[in-house]
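Structure below; questions to follow.
Since every read-out is calculated from the coordinates, none of them should be taken as a lab result. The shown structure was predicted, so the numbers you read here are calculated from the model rather than taken from an experiment. Ideal geometry is used to build each Cβ from the backbone, glycine not excepted, and the neighbour counts take in all protein chains shown.
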Amino acid sequence: MSYLINKNDFKGRYRIAVSSFNVSIFEDYLTQCEDQLITEDFGADFYDDVIVNPTKDKYTDLLESGYKDYLLGACYFFYQRDNFLSTSSGNSNINNSNATNVSNQFNSSLASDRYNLGIGYYNRGALDFLNDNAVKSQLINSSTDIGGGLITLDVLDVDYLYANDTITISGVDYLVNSVDDVAGTITITATGDFTGKKLIYLPFNEPFFEFKDLITQF
């Protein structure tokens, strides 16, 4: 199954007519497409976390920034491009008895337009969001030894930081044990006083995100 988008999201200009006979095929295709796109952008570990925690606020905010339109446009493009019937004599276009198929040229133009539409949303919104949140840094206001080898760090903001994420302090990586959004505290396994030091973390794995290229034809 797909995790950030689903078949019900394909409406409006992204509408795809899916009958009850091929809905499972479309859902399988959508799962593979989402996996490919997100893994290419953020890496396999990132997508593994999407599978387990698809409702994290960093994912919902990413979708709202324009990334959802990018996923829809790209999946629309790839599905329409590959929407043929595989037969024993090779790949052929589906020919419904009660409908007249549009030409391959028209279908190509339509699918490319939807891809470009999604790319536009990425470049106008998602790109800024990703660059704005690529690297998070916070000054540690205080650190408290709570015993058992655990240190609680008090910071101003813990946006897009979660348990099992990695933070870096003075060039050393630490695994986050827990995050308290309300109190603005982070618990790590460590020793020493971190007061006044800066912690850094990368919510989306990469420090820079480039403009997406447009695809204008199959």
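Kindly express, to the nearest 10 degrees and within the range 0 to 90, the angle between helix 23-42's C-alpha long axis and the longest C-alpha principal axis of the chain.
Once rounded, the angle reads 40 degrees.
Could you check how many percent of all C-alpha pairs in the range 136-201 are farther apart than 21 Å?
6
Identify all lysines with a Cα-Cα distance to residue 212 below 29 Å; exclude those on the same chain that are fewer than 8 residues away in sequence.
Within the straight-line limit of under 29 Å, residue 212 reaches these lysines: 7, 11, 56, 58, 68, 136.
At a Förster distance of 41 Å, what's the computed FRET efficiency of residue 139 paired with residue 1, Cβ-Cβ distance as r, to 0.05?
On the way: r = 41 Å, r/R0 = 1.00.
It comes out at approximately 0.50.
Place a point 7 Å from Cα of residue 150 in the direction of its Cβ. Which residues in the range 181-206 have their backbone N less than 18 Å from it?
Hits in the range 181-206 for residue 150 at 18 Å: 181-194.
Also, quick follow-up: Using a 10 Å cut-off on Cβ atoms, rank the peptides 2-14, 57-69 from the highest mean neighbour count down.
The peptides rank, most packed first, as 57-69, 2-14.
Quick check: the angle from helix 104-121's long axis to the longest principal axis of the chain, C-alpha only, nearest 10 degrees?
Roughly 20 degrees between the two axes.
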